[in-house]
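The block underneath contains the structure these notes are about, expressed in structure tokens.
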Amino acid sequence: MQQVLSIINKEVKLEWRNKTAFNSIVLYLVSTIFICYLSFNVKTGQMQAVTWNALFWIIIVFANINGVAKSFLQEGEGRMLYYYTLCKPQVILSGKLIFNILLSVLIAIIGFVVYAIILGNPVVNHVYFLLTILLASIGFAGILTLVSGIVSKANNSTALLAVLSFPILLPILMIAIRLSKNAIDGIDASLMNEKLFTLLSVDAVVIATAYLLFPFIWRS
Amino acid sequence: MRKRWWKILGVALVFYTLIGGLLMEAPRLAILNETIRAMHFHVPMWFGMIIMLTASVVYSIRYLKTGNLKYDTYAIELVNTSILFGLLGLATGMIWAHYTWGAAWSGDPKQNGSAIGLLIYFAYILLRNSIVDSQQKAKISSVYNIFAYATLIPLLFILPRLTDSLHPGNGGNPGFNAYELDGRLRMIFYPAVIGWTLIGVWLTELRIRLSIIKTKIDE
């Protein structure tokens with residue numbers, strides 16, 4: 001537990017010292033949203049709900065791939081070996097995973113706020129919308145952490161990362177899009193609980209398999 | 001696996017499916033009519049694909065447990081055959097959908113799900129090609145194979161159930177669910193599933209033998 005905390009601490013400090021990484025994600029989000037605003041050429045709040053929703057999730061997914069995916073790619077060969085001698089693979093994964101979940105949730109919330117200011121906010125049921133964002137971010141972080149670990153072992157990393165993670169992100173993305181559409185329409189909560197539960201169980205499956213499989217990547 | 005009887009059985013069952021599926025009497029259902037015969041050729045592709053993908057995951061797990069490269073060869077060749085079955089399933093489905101639903105691609109959840117599934121396994125092959133060292137390749141791609149399978153299952157079995165599908169038997173369409181699957185259909189459908197799967201296994205076995213011989217020659 002102590003080790004997990006110190007890994008998270010190290011990641012946060014690293015991020016805090018050279019804010020370039022975090023700032024670049026925020027700038028990426030803001031400029032993508034602004035590009036969308038300019039290219040759709042609609043006044044605030046006039047975009048159709050379906051388009052609004054789809055665009056939001058596309059932006060979030062790409063920002064996640066840019067931001068979260070670097071977790072293992074930025075580690076040098078030497079530092080990996082140093083970690084390897086210090087602690088168990090589960091500890092490394094927990095540290096990285098918790099940090100990535102925090103980062104991913106932060107990306108989604110900042111994205112939502114900026115997006116809502118520039119393109120309007122049609123959401124009716126905010127509680128469920130934010131719950132969807134939270135659960136989807138956990139799933140994204142789980143998948144991207146493991147895929148980033150996989151890709152760090154293969155060469156030509158960045159291109160491979162996108163190709164490997166897109167198709168496995170899709171199930172979570174599809175449930176999330178459907179849920180957030182329901183939250184925008186303000187459908188009765190009892191109809192959404194089932195989908196929310198499905199999203200939660202997919203997250204659980206993703207994280208459980210990540211824990212089972214990570215030691216094998218780590219050992220090589 | 002060297003025995004001959006199951007290969008003969010597979011060929012016999014596929015021939016039986018071809019003749020029976022096309023010529024024997026089929027029940028008449030609204031909308032579907034004679035196109036119901038497509039079921040004997042389209043649905044077994046998906047059954048075969050899922051069975052072989054499951055086997056592939058089992059071999060990937062066995063590889064990670066033992067470190068024996070033979071199991072990794074089994075896993076990749078099973079995935080290769082599954083991709084062939086998946087493409088055939090998609091093609092037969094699109095031909096059928098062109099006449100029954102009016103368009104080859106109608107954005108049906110099952111159709112989308114299977115397309116995404118194929119993308120996942122194309123990515124798997126891409127990953128294998130980008131790693132040179134064979135032990136490393138086997139280990140990393142086994143991990144990806146298991147992880148991909150874990151996300152494929154909700155995609156194919158849970159997502160389509162959250163929305164209405166155009167497929168027969170879903171969302172009030174006439175079709176062949178548990179009690180409607182007519183005795184006349186069942187007589188051909190079950191042998192068809194077994195027959196096509198056996199043919200797929202045979203294909204895989206040949207490819208495994210080929211790749212083992214190739215690695216021996218390279219050494």
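For B:Y59, indicate whether it is away from every other protein chain (no Cβ under 14 Å), assigned to a helix (DSSP H, G or I) and without any contact (Cβ under 8 Å) to a residue 40 or more places away in the chain. So B:Y59 passes the test.
Scan region A:153-169 for residues that are crowded, with 21+ Cβ neighbours inside 10 Å and more than 9 Å from chain B (Cβ to nearest Cβ) and the total you get is 1. For B:Y74, indicate whether it is farther than 13 Å from B:V201 by Cα and not aliphatic (A, V, I, L, M). No; evaluated as a whole, the condition is false for this residue. Residue-level check: of (1) touching a residue at least 40 places away in the same chain (Cβ under 8 Å); (2) more than 16 Å from A:L160 (Cβ to Cβ), B:I125 misses just (2). Step by step: first the residues of region B:131-145, then only those that are at the interface with chain A (Cβ under 7 Å from one of its Cβ atoms) and surrounded by 20 or more Cβ atoms within 10 Å (Cβ to Cβ), then the one that is farthest from A:D203 (Cα to Cα). Which residue is that? For region B:131-145, the residue satisfying everything is B:K139. Tell me, yes or no, whether region A:119-126 has at least one residue that is at the interface with chain B (Cβ under 9 Å from one of its Cβ atoms), surrounded by fewer than 24 Cβ atoms within 10 Å (Cβ to Cβ) and of a type outside the set (G, A, S). No, there is no match, as no residue in region A:119-126 is at the interface with chain B (Cβ under 9 Å from one of its Cβ atoms), surrounded by fewer than 24 Cβ atoms within 10 Å (Cβ to Cβ) and of a type outside the set (G, A, S). Restricting A:S94, A:S104 to those that are more than 20 Å from A:F216 (Cα to Cα), among the hydroxyl-bearing types (S, T, Y) and in a helix (DSSP H, G or I) reduces the list to A:S104. Is it true that some residue in region A:127-138 is surrounded by fewer than 16 Cβ atoms within 10 Å (Cβ to Cβ) and small (G, A, S)? Checked region A:127-138: no residue is surrounded by fewer than 16 Cβ atoms within 10 Å (Cβ to Cβ) and small (G, A, S). Look at (1) out of contact with any Asp or Glu (no Cβ under 9 Å at 6 or more places or on another chain); (2) crowded, with 20+ Cβ neighbours inside 10 Å and you find that A:G142 fails only one, number (1). Residues in region A:177-203 that are assigned to a helix (DSSP H, G or I), among the aliphatic types (A, V, I, L, M) and either farther than 14 Å from A:I138 by Cβ or within 11 Å of another protein chain (Cβ to nearest Cβ) (or both): A:I177, A:L179, A:A183, A:I184, A:A189, A:L191, A:M192, A:L199, A:V202. Is there a residue being in contact with a helix residue (DSSP H, G or I) (Cβ under 9 Å, 6 or more places away or on another chain), farther than 26 Å from B:L13 by Cβ, polar (S, T, N, Q) and part of a helix (DSSP H, G or I) anywhere in region B:83-94? Taking every residue of region B:83-94 in turn, none turns out to be in contact with a helix residue (DSSP H, G or I) (Cβ under 9 Å, 6 or more places away or on another chain), farther than 26 Å from B:L13 by Cβ, polar (S, T, N, Q) and part of a helix (DSSP H, G or I).
Of all residues in region A:15-22, none satisfies being modelled with pLDDT of 80 or more, part of a helix (DSSP H, G or I) and surrounded by fewer than 12 Cβ atoms within 10 Å (Cβ to Cβ). Filtering region A:204-220 to residues that are more than 19 Å from A:K153 (Cα to Cα), touching a residue at least 24 places away in the same chain (Cβ under 8 Å) and facing chain B (nearest Cβ under 8 Å) leaves only A:V206. Among the candidates B:G107, B:G93, the residue that is surrounded by 21 or more Cβ atoms within 10 Å (Cβ to Cβ), without any contact (Cβ under 8 Å) to a residue 60 or more places away in the chain and more than 9 Å from every other protein chain (Cβ to nearest Cβ) is uniquely B:G93.
The listed residues are A:A162, A:A154, and the only one of them that is under 24 Å from B:S130 (Cα atoms) and not in a helix (DSSP H, G or I) turns out to be A:A154.
Screening B:Y63 with (1) buried (at least 20 other Cβ atoms within 10 Å of the Cβ); (2) under 15 Å from B:H42 (Cα atoms) gives one miss only, at (2).
Given the criteria in contact with a Ser or Thr (Cβ under 7 Å, 6 or more places away or on another chain), part of a helix (DSSP H, G or I) and within 23 Å of A:V147 (Cα to Cα), does A:I59 qualify? Considered against the rule, which asks whether it is in contact with a Ser or Thr (Cβ under 7 Å, 6 or more places away or on another chain), part of a helix (DSSP H, G or I) and within 23 Å of A:V147 (Cα to Cα), A:I59 comes out as yes.
The values are calculated or read from the model by the stated rules, or taken from the named source; none is laboratory data. The shown structure was predicted, so the numbers you read here are calculated from the model rather than taken from an experiment. Glycine also receives a Cβ, built like all others from the backbone with ideal geometry; neighbour counts cover every protein chain displayed.
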